[in-house]
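The values are calculated or read from the model by the stated rules, or taken from the named source; none is laboratory data. It should be emphasised that the depicted structure is a prediction, and the values quoted were computed from it without experimental measurement. Glycine also receives a Cβ, built like all others from the backbone with ideal geometry; neighbour counts cover every protein chain displayed.
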Amino acid sequence: MLASALLSIALLATTAFAAPSRGARMESRLSRRREGAHLSRPNQRLESSNLIGGNVSHVEYSSNWAGAVWDSPAGTYKSVTGTFVVPTPKAPSSGSGTYAASAWVGIDGDTCGTAILQTGVDFTISGGKVSYDAWYEWYPDYAYDFSGIPISAGNTIKLTVTATSTKAGSAVIENVTTGKTVTKSLTSTAALCEQNAEWIVEDFEEGNSLVPFANFGTVTFTGASAGTSSGSVGPSGSTLIDIQQNSKVLTSVSTSSSGVTVSYV
């Protein structure tokens, strides 16, 4: 009995010493992101025939994007901003396991698919537990997590990306609720076309495949605008995109003069 107790104590001590610190866990998670744990892809357009549900007035469907996109061959978009309230994701009605989605704003990725400057927030539910990650990305590189900006359901988050040139820019996330702001200056060898401005809820990739898509409820981008060299424009009149998977439309999108609403259906 004594030997058994001593063995148990030794095992507990070994486990305690082996447990990684919070910093080590964070570094490990960031490393996984650098190795491709999150990758936002360009818009993967789909044919709009043989769909179940959805809004037939939408002109585009996608396997990974839902939201609103401006397209300008002239390459005029220099910044994009939008504010949303963080939702509480759920598993689909018949699902179990891990599900996720991401809300972001960005430049390019639709008609110009060679580069995207973007920033946003992932929301994930796994085993009934909800988590959030704030990130930035200059595609084709992977996403990187911001640190120092905790996010909770119900927080108001303002997202902004700015291109100072086709190969340099910045990503800013402000948690309006808590007053925390993080900023990242970025450069890339992948040049932006500055043809697209977008407000998107995405089914992003992990390990070269789409993550199981979470029921995110509704994400509404308010104060949504895209800056150009001659002023700014709201999302009204832009191209609307819904996510379609397995012949079913999973989202419904609408716009106003300064807003984009994306709902899970």
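So, in the range 60-76, how many residues would count as being on the phi > 0 side of the Ramachandran plot and either surrounded by fewer than 23 Cβ atoms within 10 Å (Cβ to Cβ) or acidic (D, E) (or both)?
Taking the range 60-76 first, the residues on the phi > 0 side of the Ramachandran plot are 67, 75.
Add one more test, that the residue is either surrounded by fewer than 23 Cβ atoms within 10 Å (Cβ to Cβ) or acidic (D, E) (or both), and what stays is 75.
Qualifying residue count, the range 60-76: 1.
Hey, could you check the range 78-115 for residues that are in contact with a Ser or Thr (Cβ under 8 Å, 6 or more places away or on another chain) and of a type in the set (S, T, N, Q) and say which is surrounded by the most Cβ atoms within 10 Å (Cβ to Cβ)?
Only one residue tops the list, namely S102.
When the residues of the range 121-163 are narrowed to those that are without any contact (Cβ under 8 Å) to a residue 40 or more places away in the chain and not charged (D, E, K, R), which ends up nearest to P212 (Cα to Cα)?
That would be S126.
Please work out if G179 is on the phi > 0 side of the Ramachandran plot and at pLDDT 95 or above.
It is true that G179 is on the phi > 0 side of the Ramachandran plot and at pLDDT 95 or above.
Name, by its number, the condition in (1) touching a Lys or Arg at 6+ places or on another chain (Cβ under 7 Å); (2) under 19 Å from Y132 (Cα atoms); (3) crowded, with 18+ Cβ neighbours inside 10 Å that does not hold for G227.
(2)
How many of the residues in the range 140-173 are more than 16 Å from K78 (Cα to Cα), touching an Asp or Glu at 6+ places or on another chain (Cβ under 8 Å) and not in a loop (DSSP other than H, G, I, E, B)?
The number of residues fulfilling the criteria is 4.
I'm told G169 meets every condition in (1) over 19 Å from A101 (Cβ atoms); (2) surrounded by fewer than 20 Cβ atoms within 10 Å (Cβ to Cβ); (3) touching a residue at least 40 places away in the same chain (Cβ under 8 Å) except one. Can you identify the failing condition by its number?
Just one mismatch for G169, condition (2).
Restricting to the range 92-112, and then to whatever is among the small types (G, A, S) and modelled with pLDDT of 95 or more, can you tell me which residue is farthest from the chain's Cα centre (by Cα)?
Out of the qualifying residues, it is G109.
Name the single residue, out of those in the range 207-256 being hydroxyl-bearing (S, T, Y) and out of contact with any strand residue (DSSP E or B) (no Cβ under 9 Å at 6 or more places or on another chain), that is nearest to Y77 (Cα to Cα).
Kept after step one, since they are hydroxyl-bearing (S, T, Y), are these residues of the range 207-256: 209, 218, 220, 222, 225, 228-230, 232, 236, 238-239, 247, 251-252, 254-256.
From what is left, the residues that are out of contact with any strand residue (DSSP E or B) (no Cβ under 9 Å at 6 or more places or on another chain) are 209, 230.
Details: S209: 30, S230: 10 Å.
Ranking the candidates gives S230 first.
Filter the range 174-204 down to the residues that are hydrophobic (A, V, I, L, M, F, W, C) and assigned to a strand (DSSP E or B), then identify the one that is surrounded by the fewest Cβ atoms within 10 Å (Cβ to Cβ). Outline the logic, then answer.
First, the residues of the range 174-204 that are hydrophobic (A, V, I, L, M, F, W, C): 176, 182, 186, 190-193, 197, 199-201, 204.
Next cut, assigned to a strand (DSSP E or B) only: 182, 186, 197, 199-201.
Values: V182: 17, L186: 20, A197: 32, W199: 33, I200: 31, V201: 30.
This residue is V182.
Of all residues being modelled with pLDDT of 95 or more and polar (S, T, N, Q) in the range 220-231, which is nearest to the chain's Cα centre (by Cα)? Just the residue, please.
Among them, the one singled out is T220.
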